[in-house]
Every structure is written in structure tokens, then in C-alpha cells.
Amino acid sequence: MTAPDLHIHTAFSCDCQTSMADMCRAAITVGLSEIGLSDHYDLIPQDPCYDFFHVEAWWEELERCRVEFGPTLTIRAGVELGEPHRFPKEIAALLSAFPWDYSLGSLHWVGEELIFREDYFRRSPDLAFREYFHELDRMAAEAEFDILAHLDVIKRLGFEQYGFYDPASYEEEIRRVLHTCAQRGRALEVNTSPLRRSVNQTAPEPPALTWFAEEGGRWITFGSDAHQPEHIGHALELVSGAARQAGYEGLATFEARRAQLHLPAPGSRPG
Ligand SMILES: [Zn+2]
Ligand SMILES: [Zn+2]
């Protein structure tokens, strides 16, 4: 397993209890040689993670882990930006103040509603999904970020409320988002956290990888969205296979906010 997992949380996120060092140890245990840490940076006051991320302390701990794990583990510096289109000044300040390798653009709120609460799903499925994709496209068009995270993560709870979710029903909306991302040179993440929920799909599913390529997208990244050590690297081989199947040379990584194809270390098998 050689491609990096670029979506990993640590105790610097409000919803994760595992220390950064223990997450790094878990990554080494599952055979990863490169990861990216991406804790939540949320600016909506009602968000459970609001005011939780302490960036200076995070960087200190990252530097300590880079020394401790040395050449065994390359640790990329990432951050998961919640609703970055709504906070352009704050996001620009954060991104320019530190030498990030990448940022994830994430949508957890549609208007005033959190998509991880049942209340959001009181409307029809059509309205729930279309309003989400509409705001996601606004984020893709307006915000500063490098990787579009968990494209259709709204299906996680959506599935529990409405049953089966077929991305093909929203192809037009999804393609619009992918087109915007491709035009702006953004990478698309395949997030495996919904595989661990009843919806049992990746976010997005493989057809969207093909749509992204057709819209001009070049880079696919892998993210387990691990909040627990045992989820690091979850279904990496599956995502790597889906990316190749869709015509990509492999999975991407980021260094100093530039995407590049992740090349396996000499002598290791392709991942
Ligand atoms: Zn997220
Ligand atoms: Zn996350």
C-alpha cells in the first residue's frame, strides 16, 4: 500500500480523541509511507468544531512528529476547511501564514443547516441533494482550496432518511461541480468514510471519477477521513483501482500546494 492517505484527523479536531503521534504510528502499522493530516478548521459559530483548532500548537506537534517518525513516514501538512467560500479573508490568512502542503475544501453546512443532522432531511430527497450540490458548486467556484473533499458526503445521512442513493440521478449537478473544480485545477478526493456507514459507498462512487476526467480533471486523492486509528488507509486499494479504471495514472499527493502523481518508492509494488 503505497499511495498516501490525505484525510486524517487527530485530537486537534473536536470529533477525534487520538493524538497525532498515535495516528502516525497507526499509519506505519498499516504500511503507509506517506500521510496527510487534515484537522477541521470551522468558522460557523454553530459548528461543533468552531474555535477548536489551535493552529500554532498543531504546527508544533507536526514538527515534533516529523522528527520522531523521520524517513519512515512522510507527513504532509493539510487542513480541512469548512465552508471556505463563506470566509475568504480568514481562509486566505490561514493559508498564507503557514507552509501547508494542501487544503481540503469541505461542505458540511447548506445555508443554516448542518447536513449531519436529521433536521436537514425534512425536505424531499430531490431538494435536499440539489440544494447541497448547488452550494457545493458555489464553494468550488469561489473558495480557495486544493482538494474537493467528500463530494457527496450528504448521502451518509441522506441514505438513512430516504434509502438508496444513486449519483446518476444528480449527474448534471455533480458534473457542474466537477467541471468547476477541473477548470480551477483542483483535485478530487475519494473519501471512504461512507463505506463504513449504512450507505456503503465511497464519496464519490467510481462514475464520478470518469465524469471528472471527462470534464478535464487530472488529480484524484485518497482520503479515509479517519477519526480513529483503525480507519487509516481504509479501502485504499479499492480507490487506487477505481482511479486506474477511470483512466488516471494513479493517485496524487500534494507538496507545497502543488499536486503530483504519487510514485511508489523503488522496489515496492504499485499501490
Ligand atoms: Zn468533512
Ligand atoms: Zn474530515
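Among the residues examined, A11 does not qualify as in contact with a helix residue (DSSP H, G or I) (Cβ under 6 Å, 6 or more places away or on another chain) and either polar (S, T, N, Q) or over 20 Å from E189 (Cα atoms) (or both).
Report those strands (runs of 3 or more DSSP E) wholly inside the stretch 219-264 carrying at least 1 residues which are surrounded by fewer than 17 Cβ atoms within 10 Å (Cβ to Cβ) and more than 16 Å from ligand 1 (Cβ to nearest atom).
Of the strands (runs of 3 or more DSSP E) lying wholly inside the stretch 219-264, those with at least 1 residues that are surrounded by fewer than 17 Cβ atoms within 10 Å (Cβ to Cβ) and more than 16 Å from ligand 1 (Cβ to nearest atom) span 252-255, 258-261.
The residue that is most open to solvent (accessible area, probe 1.4 Å), among those in the stretch 107-159 that are of a type in the set (K, R) and either away from ligand 2 (no atom under 16 Å from the Cβ) or under 22 Å from K89 (Cα atoms) (or both), is R122. When the stretch 194-206 is filtered for residues that are part of a helix (DSSP H, G or I) and open to solvent by 10 Å² or more (accessible area, probe 1.4 Å), the ones remaining, listed by number, are L195, R196, P206.
Is it the case, given these coordinates, that I220 is within 16 Å of ligand 2 (Cβ to nearest atom), closer than 28 Å to T10 by Cα and of a type in the set (A, V, I, L, M)? It is false that I220 is within 16 Å of ligand 2 (Cβ to nearest atom), closer than 28 Å to T10 by Cα and of a type in the set (A, V, I, L, M). Here L209 clears all of (1) within 24 Å of A226 (Cα to Cα); (2) more than 16 Å from ligand 1 (Cβ to nearest atom); (3) assigned to a loop (DSSP other than H, G, I, E, B) except the condition numbered (3). Screening L151, L136 for residues that are among the hydrophobic types (A, V, I, L, M, F, W, C), within 17 Å of the chain's Cα centre (by Cα) and closer than 26 Å to E237 by Cβ leaves exactly one candidate, L151. Looking at (1) open to solvent by 30 Å² or more (accessible area, probe 1.4 Å); (2) more than 15 Å from ligand 1 (Cβ to nearest atom), find the lone condition where D15 falls short. Of (1) open to solvent by 30 Å² or more (accessible area, probe 1.4 Å); (2) more than 15 Å from ligand 1 (Cβ to nearest atom), only one is false for D15: (2).
Taken over the stretch 33-63, the criterion of being assigned to a helix (DSSP H, G or I) and either in contact (Cβ under 8 Å) with a residue 60 or more places away in the chain or closer than 15 Å to A11 by Cα (or both) is satisfied by V55, E56, A57, W58, W59, E60, E61, L62. Does the stretch 24-33 contain at least one residue that is open to solvent by 20 Å² or more (accessible area, probe 1.4 Å), within 16 Å of ligand 2 (Cβ to nearest atom) and out of contact with any Asp or Glu (no Cβ under 6 Å at 6 or more places or on another chain)? Taking every residue of the stretch 24-33 in turn, none turns out to be open to solvent by 20 Å² or more (accessible area, probe 1.4 Å), within 16 Å of ligand 2 (Cβ to nearest atom) and out of contact with any Asp or Glu (no Cβ under 6 Å at 6 or more places or on another chain).
The values are calculated or read from the model by the stated rules, or taken from the named source; none is laboratory data. Only a predicted model underlies this, so the values are computations on that prediction, with no experimental measurement involved. Methodologically, a virtual Cβ is constructed for each residue, glycine included, from the backbone with ideal geometry; neighbour enumeration extends over all protein chains shown. When the accessible area is computed, the model is the full protein with side chains, heavy atoms only, and any ligands, DNA or RNA have been set aside. Shrake-Rupley method; radii C 1.70, N 1.55, O 1.52, S 1.80 Å.
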